[in-house]
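Trainee: Sharing a structure, written as structure tokens. Questions coming.
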Amino acid sequence: MSAPIRPQPGILDIALYQGGQSALEGVAEPLKLSSNENPFGPSPAAVAAMGRALGESHRYPSTDHAGLRAAIAEVHGLDPDRIVCGVGSDEIIHFLCQAYVGPGLEVMHTEHGFAMYRISALAAGAVPVEVPERDRLVDVDAILERAGPQTRLVFIANPANPTATFLPMEELTRLAEGLPEECLLVLDGAYAEFVEGYDGGRALVEAREDVVMTRTFSKAYGLGGLRVGYGYAPRHVVDTLNRIRGPFNLSGVALAGAEAAMRDLDWVAECLRVNAEERARLVGGLRQLGIACDESFANFVLARFADEGEATAADAHLKAAGIIVRHPKGYGFPQALRITVGRPEDNSRVLDALATFKGAA
């Protein structure tokens with residue numbers, strides 16, 4: 001009898017990723033506020049560019065993503081040679097684990113961190129290490145205390161998901177300066193656009209050789225369905241990641257849509273303006289209802305209830321009203337609901353439904 005075929009150590013320890021719910025039985029068009037998507041969708045310029053690119057679908061896309069990297073560099077004032085593009089920022093996270101860790105080495109993340117940090121660490125055979133947060137905020141001291149000679153990657157989402165909290169640059173700098181020499185600090189900036197004046201960590205990346213920044217087109221740019229992201233890193237890191245990146249990892253349609261979305265500054269600015277206004281209204285409305293909510297620096301809020309039972313009941317009440325939010329039990333918040341900031345009328349529906357729930361509770 002032949003030996004059983006087994007995957008690499010760590011693979012079977014990975015729990016399958018669970019995305020936000022998108023459908024409700026018996027509801028034709030539910031209000032989906034579970035995945036932190038841009039409620040206004042992609043830029044019309046991006047849609048037009050994707051339409052044009054469809055006609056060239058018989059051609060292979062570029063392997064160097066030069067057009068998209070140039071657009072990103074132009075808009076954000078970056079060095080295009082320090083940009084590497086991936087299938088969402090998830091792929092950049094995966095590349096980093098594939099390139100820099102393995103058996104016996106550690107990948108560190110905070111207790112409420114993005115699930116892909118642990119998944120990518122285990123896929124590389126590495127040891128994921130979870131560090132406690134303090135009041136739903138990244139605790140720099142806890143990370144520095146735990147980091148050791150085996151620590152090779154530290155992932156920090158800033159703003160964080162699902163908490164929507166934000167760590168100021170002075171704390172990120174202190175973290176970078178205190179980590180072991182062979183360790184890369186990775187600043188996951190999936191929601192960076194929603195923080196006015198925040199560069200996602202660009203200055204820290206350019207000042208050091210051990211800091212990487214990741215960004216995505218899935219949130220502010222409304223292109224979650226295209227799966228496009230990028231990393232900004234020291235050139236030695238970009239050179240390493242490009243050696244394992246598939247030559248055609250992004251389609252021609254995705255490249256065209258992302259480039260047009262990046263250059264449509266007015267569309268993004270308007271989406272961010274509405275989000276900021278509605279985010280403040282949603283946070284204020286929740287607090288008036290007696291539902292705890294930290295200040296949000298993203299395009300969602302984390303509404304905290306008295307306990308898991310109340311959160312579950314509130315979730316059921318919203319579903320009955322045709323509204324889908326996220327119950328982030330898997331992220332350590334069984335007593336909370338994560339609610340995407342929608343259009344003004346969407347947020348009014350949420351607040352009205354929760355007002356009814358609290359009145360009846």
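The rows are residues; the columns are (1) part of a strand (DSSP E or B); (2) in contact with a strand residue (DSSP E or B) (Cβ under 8 Å, 6 or more places away or on another chain); (3) buried (at least 18 other Cβ atoms within 10 Å of the Cβ).
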| residue | (1), (2), (3) |
| --- | --- |
| 230 | yes, yes, yes |
| 238 | no, yes, yes |
| 250 | no, yes, yes |
| 262 | no, no, yes |
| 276 | no, no, no |
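Trainee: Right, another one. Looking at this structure, is residue 204 in contact with a Lys or Arg (Cβ under 7 Å, 6 or more places away or on another chain) and at pLDDT 95 or above?
Mentor: Taking the combined requirement at face value, the residue does not satisfy it.
Trainee: If you take the residues of the stretch 82-99 that are farther than 20 Å from residue 191 by Cα and not hydrophobic (A, V, I, L, M, F, W, C), which of them is surrounded by the most Cβ atoms within 10 Å (Cβ to Cβ)?
Mentor: It comes out as 82.
Trainee: Within the stretch 181-188, identify whether any single residue is closer than 14 Å to residue 109 by Cβ, in contact with a strand residue (DSSP E or B) (Cβ under 7 Å, 6 or more places away or on another chain) and part of a loop (DSSP other than H, G, I, E, B), and answer yes or no.
Mentor: Yes: the stretch 181-188 contains one or more residues that are closer than 14 Å to residue 109 by Cβ, in contact with a strand residue (DSSP E or B) (Cβ under 7 Å, 6 or more places away or on another chain) and part of a loop (DSSP other than H, G, I, E, B).
Trainee: Restricting to the stretch 278-305, and then to whatever is of a type in the set (S, T, N, Q) and more than 22 Å from residue 227 (Cα to Cα), can you tell me which residue is surrounded by the fewest Cβ atoms within 10 Å (Cβ to Cβ)?
Mentor: 288
Trainee: Filter the stretch 337-356 down to the residues that are surrounded by fewer than 21 Cβ atoms within 10 Å (Cβ to Cβ), in contact (Cβ under 8 Å) with a residue 40 or more places away in the chain and part of a helix (DSSP H, G or I), then identify the one that is farthest from the chain's Cα centre (by Cα).
Mentor: Among them, the one singled out is 355.
Trainee: Among the residues in the stretch 175-190, are any touching a His at 6+ places or on another chain (Cβ under 8 Å) and assigned by TED's automatic domain parsing to the domain that holds residue 139?
Mentor: No; the residues of the stretch 175-190 include none that is touching a His at 6+ places or on another chain (Cβ under 8 Å) and assigned by TED's automatic domain parsing to the domain that holds residue 139.
Trainee: Of all residues in the stretch 43-82, which are closer than 18 Å to residue 220 by Cα and hydroxyl-bearing (Ser, Thr, Tyr)?
Mentor: 43
Trainee: Can you tell me which residues in the stretch 310-336 are in a strand (DSSP E or B) and farther than 16 Å from residue 352 by Cα?
Mentor: 326, 336
Trainee: Any chance you could count how many residues in the stretch 118-145 are within 30 Å of residue 194 (Cα to Cα), not in a loop (DSSP other than H, G, I, E, B) and not aliphatic (A, V, I, L, M)?
Mentor: The number of residues fulfilling the criteria is 6.
Trainee: Does residue 202 satisfy being closer than 14 Å to residue 232 by Cβ and either in contact (Cβ under 8 Å) with a residue 40 or more places away in the chain or under 13 Å from the mean Cα position of the chain (by Cα) (or both)?
Mentor: Yes; evaluated as a whole, the condition is true for this residue.
Trainee: Then there is this: Here is a list of conditions, (1) in contact with a helix residue (DSSP H, G or I) (Cβ under 7 Å, 6 or more places away or on another chain); (2) hydroxyl-bearing (Ser, Thr, Tyr); (3) closer than 19 Å to residue 215 by Cα, and residue 89 meets all of them except one; can you say which number that is?
Mentor: The number of the failed condition is (1).
Trainee: Counting only residues that are hydrophobic (A, V, I, L, M, F, W, C) and in contact with an Asp or Glu (Cβ under 7 Å, 6 or more places away or on another chain), which one in the stretch 303-350 is nearest to residue 113 (Cα to Cα)?
Mentor: Checking each candidate, the answer is 337.
Trainee: Taking residue 242 as the residue in question, decide whether it is surrounded by 19 or more Cβ atoms within 10 Å (Cβ to Cβ) and polar (S, T, N, Q).
Mentor: Spelling it out, it is not the case that residue 242 is surrounded by 19 or more Cβ atoms within 10 Å (Cβ to Cβ) and polar (S, T, N, Q).
Trainee: Kindly check whether there is at least one residue in the stretch 151-163 that is modelled with pLDDT of 95 or more, among the basic types (Lys, Arg), in a helix (DSSP H, G or I) and not assigned by TED's automatic domain parsing to the domain that holds residue 34.
Mentor: No.
Trainee: Can you tell me which of 29, 74, 37, 56 is among the acidic types (Asp, Glu) and surrounded by 16 or more Cβ atoms within 10 Å (Cβ to Cβ)?
Mentor: 37
Trainee: Moving on to the next point. Considering only residues that are touching a residue at least 60 places away in the same chain (Cβ under 8 Å) and farther than 28 Å from residue 333 by Cα, look in the stretch 88-134 and name the one that is farthest from the chain's Cα centre (by Cα).
Mentor: Among residues in the stretch 88-134 that are touching a residue at least 60 places away in the same chain (Cβ under 8 Å) and farther than 28 Å from residue 333 by Cα, the one farthest from the chain's Cα centre (by Cα) is 103.
Trainee: Within the stretch 24-34, how many residues turn out to be in contact with a Pro (Cβ under 7 Å, 6 or more places away or on another chain) and either assigned to a loop (DSSP other than H, G, I, E, B) or assigned by TED's automatic domain parsing to the domain that holds residue 224 (or both)?
Mentor: The total comes to 0.
Trainee: With the structure loaded, tell me whether residue 54 is touching a residue at least 12 places away in the same chain (Cβ under 8 Å) and outside the structural domain of residue 236 (by TED's automatic domain parsing) or whether it fails that test.
Mentor: The answer is no for residue 54.
The values are calculated or read from the model by the stated rules, or taken from the named source; none is laboratory data. Remember, it's a predicted structure, so these values are computed and weren't measured experimentally. Because the Cβ atoms are built from the backbone with ideal geometry, glycine has one as well, and the counts that use them run over all protein chains shown.
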